[in-house]
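K.L.:
The structure is given below, and queries will be raised subsequently.
The values are calculated or read from the model by the stated rules, or taken from the named source; none is laboratory data. Fair warning: this is a prediction, and the values are worked out from it, not measured in the lab. Here the Cβ is made from the backbone with ideal geometry for all residues, glycine too, and neighbour counts use every protein chain on show. Areas reflect the complete protein model, heavy atoms only, side chains present, ligands, DNA and RNA absent. Shrake-Rupley method; radii C 1.70, N 1.55, O 1.52, S 1.80 Å.
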Amino acid sequence: MNALPLYLEPRVEPRPAALLRADGFTHDLVDALGSPLNIVLPDQIADNLDRFRATYRGHQLGGQVYFAHKANRSSALLRRLAATDAGVDVASLGELQHALGAGFAPGRIMATGPKNPAFLWLAARTGVTVNVDSLAELDALGDLVRTRSLPRVRTVLRLSAFGTGAAPGSGGVKVLSRASRFGSPVGALDELIKSADRHREAIELIGVGFHLDTTSVAEKALALEGCVSALGTLREHGFSPHVVDTGGGFGVSYLAHREQWERYTSALTQSVLGQRPAMTWRGYGYGLRNDAGTLRGSLGLYPAHRATAGEGYLDELLSSPASATPGRPLSALLLENLFDLYTEPGRALVDQCGLILARVLEVRRDGTGPYLVRLEAKADDIGLEEHGVFMDPVVIGRGGAAPAGDGDAVGVYLAGGLCLEADLISRRTVFLPSLPNPGDLLGFVNTAGYCMDFRTSHAQRLPAARAVAAWQDGDLWRWSLDEQYWPTLSQGGQA
């Protein structure tokens, strides 16, 4: 081990930090409900919504924030959000049924993503907004509404392939909008207009949007300007659209310290090149490889520390200069045209909204390498590795959480409970402030976005994690099973 342990300390805001400090609370829950255990914090999602709303107000924009439900299946988070003025973005028949049952009126729901006939029918039947992914889907929706005598459906056209343009504020540097399998190429707008024209009595075309899997503000700014241009074209054809939907992808900054992230990734690169001892299970490179002394490949990790994320990323996008009106921000382009802004944050809206607890079953060491810590959980219960998110767990003894520091750190591998060689919760050496003991808990904080229940299974007939909702009542923490939570239980849940 080098002189300084390669900690990756998680960013923990006051509410989850208070939960970790609550004397005996986490151990009592795991003793009663088993390991692993998911805990969600419904009041945090309402606070996160307020932050996005503040960004809207800062740019004097109206519109809607749609929570991308796929980020977490929790009923408690959805029901708490239903007690606000937020919308919800549903991407399956089950999510639509869940949203309706949680208390969302159809006017606050938008159906996105790939759709089967049943999903499309229930969306049209209940009157939710449909974000159309292709020309074929637009025709299918129009035919469905007409043949089934359904009410006219509010529709957003999802566009893609916005081409090449000048990067905002770059002095003419070109940026290329990457391809996406979601949405119709903007070059096919004429065909979409012809279809929308045929289905005028079945659909109400309210706007256009995009879904880009990128962290690049410049790419999204190019797409946003492309959408504004498309709205102008639609108006020339007699439609009255007023919505630009920028999709999701606002991101989360998981780590407390930028320096730790930079030091860790530099060390990982050196390790792959053989310039320092191995840092991963059997030399796994996370996308990097050593080709005769030359580094090849690309690091396939989520940028765990981000200078700008969440509502801050949205603010940066809206503040980007518009090429159509030099010197003025994109938000001015929306404001002057009286366009509403739709956003679909998923991961960003559940930032700090949950953690996974797993009990330590065994600690052993073979030879002189890192310790192996086996948890009462499977790798698919804790999806950090699956989503490329590097972040250390918090050790929670019966006496409380152990603080991170530069003391007697210990490197460990975290293994799951499946009888499967590949069931590793982390293939990297994780540095902990002290060696945990059997019976301790590891707390994987800030895992509500995609890392909690997205891929969990019942392999080997092992149970999937149960989920509870927790909230503060003065100095006390209270909880209920996730499926039994309603906003009436907590003072913060009063709309």
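K.L.:
Would region 243-258 turn up any residue that is surrounded by fewer than 20 Cβ atoms within 10 Å (Cβ to Cβ), closer than 24 Å to residue 392 by Cβ and of a type outside the set (A, V, I, L, M, F, W, C)?
P.N.:
Of the residues in region 243-258, the ones surrounded by fewer than 20 Cβ atoms within 10 Å (Cβ to Cβ) are 256-258.
Restricting the remaining residues to those that are closer than 24 Å to residue 392 by Cβ gives 256-258.
Filter again for of a type outside the set (A, V, I, L, M, F, W, C), leaving 257-258.
Yes, some residue in region 243-258 is surrounded by fewer than 20 Cβ atoms within 10 Å (Cβ to Cβ), closer than 24 Å to residue 392 by Cβ and of a type outside the set (A, V, I, L, M, F, W, C).
K.L.:
Among the residues of region 468-475, is any touching a residue at least 40 places away in the same chain (Cβ under 8 Å), out of contact with any Leu (no Cβ under 8 Å at 6 or more places or on another chain) and either under 22 Å from residue 84 (Cα atoms) or surrounded by 13 or more Cβ atoms within 10 Å (Cβ to Cβ) (or both)?
P.N.:
Pass one, region 468-475, residues touching a residue at least 40 places away in the same chain (Cβ under 8 Å): 468-472.
From the residues that got through so far, the ones that are out of contact with any Leu (no Cβ under 8 Å at 6 or more places or on another chain) too are 472.
Add one more test, that the residue is either under 22 Å from residue 84 (Cα atoms) or surrounded by 13 or more Cβ atoms within 10 Å (Cβ to Cβ) (or both), and what stays is 472.
For region 468-475, residues touching a residue at least 40 places away in the same chain (Cβ under 8 Å), out of contact with any Leu (no Cβ under 8 Å at 6 or more places or on another chain) and either under 22 Å from residue 84 (Cα atoms) or surrounded by 13 or more Cβ atoms within 10 Å (Cβ to Cβ) (or both): present.
K.L.:
What residue, of 421, 483, is part of a helix (DSSP H, G or I) and either among the charged types (D, E, K, R) or within 24 Å of residue 278 (Cα to Cα) (or both)?
P.N.:
Working: 421 fails: part of a helix (DSSP H, G or I).
Only one candidate qualifies: 483.
K.L.:
Taking into account only those residues within region 202-236 that are under 19 Å from the mean Cα position of the chain (by Cα) and of a type in the set (S, T, N, Q), which is most open to solvent (accessible area, probe 1.4 Å)?
P.N.:
My answer is 215.
K.L.:
I would also like to ask the following. Applying the selection to region 425-434, what residues are open to solvent by 20 Å² or more (accessible area, probe 1.4 Å) and either over 21 Å from residue 17 (Cα atoms) or among the hydroxyl-bearing types (Ser, Thr, Tyr) (or both)? Please lay out each step first, then the result.
P.N.:
Start the filter on region 425-434 by keeping residues that are open to solvent by 20 Å² or more (accessible area, probe 1.4 Å), which leaves 427, 431, 433-434.
Passing the criteria: 427, 434.
K.L.:
Look through region 437-459, keep the residues that are among the β-branched types (Val, Ile, Thr) and either surrounded by fewer than 24 Cβ atoms within 10 Å (Cβ to Cβ) or not in a strand (DSSP E or B) (or both), and return whichever of them is farthest from the chain's Cα centre (by Cα). Before you say what the answer is, go through the steps one by one.
P.N.:
Pass one, region 437-459, residues among the β-branched types (Val, Ile, Thr): 445, 447, 456.
Now restrict to residues that are either surrounded by fewer than 24 Cβ atoms within 10 Å (Cβ to Cβ) or not in a strand (DSSP E or B) (or both): 447, 456.
Values: 447: 10, 456: 16 Å.
Checking each candidate, the answer is 456.
K.L.:
For region 278-300, name all the residues that are assigned to a loop (DSSP other than H, G, I, E, B), in contact (Cβ under 8 Å) with a residue 40 or more places away in the chain, at negative phi and not small (Gly, Ala, Ser).
P.N.:
The answer is 279, 284.
K.L.:
Inspect region 317-328 for any residue being closer than 19 Å to residue 390 by Cβ and not charged (D, E, K, R) and give the result as yes or no. So that I can check it myself, show each step before the final result.
P.N.:
Taking region 317-328 as the starting set, the residues that turn out to be closer than 19 Å to residue 390 by Cβ are none.
Taking every residue of region 317-328 in turn, none turns out to be closer than 19 Å to residue 390 by Cβ and not charged (D, E, K, R).
K.L.:
Still on this structure, please answer the following. Any idea which of (1) modelled with pLDDT under 95; (2) open to solvent by 30 Å² or more (accessible area, probe 1.4 Å) is the one residue 279 doesn't satisfy?
P.N.:
Checking residue 279 against (1) modelled with pLDDT under 95; (2) open to solvent by 30 Å² or more (accessible area, probe 1.4 Å), the one that fails is (2).
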